[in-house]
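Quick note: the coordinates plus some simple rules give every number you see, no bench work behind them. Since this is a predicted model, take the numbers as computed values, not measurements. All Cβ positions, glycine included, derive from the backbone under ideal geometry; neighbour counts span all protein chains shown.
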Amino acid sequence: MKWSKDILTYLLFVAFAFLIWWTNAWHNSESGHENSQLVQSSGNLGEESRLMMTEKMFELPIEVTGVPQGKSVRVFPGKAEVYVRVRMKDYEELQKEDYRVWCTYPVTQTDVLVLHVDANETKSLSIRVEPEEVEYLVEEN
């Protein structure tokens, strides 16, 4: 009786492994030509490097827009880190001057200001900023 449980467990394991393999093979064949192009181009380093991505980080000062006359705003921290995801071939073209981190003067009483990033380039695939929000202090001039 014990050997029948072992065989049944083994057969279920094999069937499950086959099901996973078959699902992955079917998914790869249905997902389009993108995956097959990656495999075919693996022998060509130039083609492969066009598909590879990396991330570049810039530390930028935070600007506050819309500050009324007679007031000034200090944010804490005063700088933010901007992470730009880009293709490997475009990495060297990214410049710190192409990005700006800013937040808007609070119209209502809030505890934090949300940061935004503007980019003057089109090479970046995604951009994120850390921290996403900052504390602030409004001062009368």
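Along the charge dipole of region 51-140, Cβ charges K/R +1 and D/E -1, which of T65, V75, A119 sits furthest on the positive end?
A119
If only Cα atoms are counted, what is the Rg of region 68-141, and what is its Dmax, in Å?
Just the Cα atoms of region 68-141 yield Rg and Dmax of 15.0, 48 Å.
Loop only by DSSP, 13 or fewer other Cβ within 10 Å of the Cβ. Give me the GluC sites (Glu not before Pro) in region 72-141 that pass, ordered by residue number. Provide the component values of the computation, followed by the final result.
Details: sites: E81, E92, E93, E97, E121, E132, E133, E135, E139, E140; in loops: E121, E132.
Here the sparse-neighbourhood loop sites are E132.
Each residue of region 109-122 in order: what ³J(HN,Hα) in whole Hz does its phi give by Karplus 6.51 cos²θ - 1.76 cosθ + 1.60, θ = phi - 60°, with x for Gly and Pro?
Using θ = phi - 60°, the values come out as 6, 10, 8, 9, 10, 7, 8, 10, 10, 10, 10, 9, 8, 10 Hz.
Would you mind ranking L11, L113 so that the residue whose beta carbon has the fewest other beta carbons within 10 Å leads the list? Provide the component values of the computation, followed by the final result.
Details: L11 10, L113 19.
Listing L11, L113 from fewest to most nearby Cβ atoms yields L11, L113.
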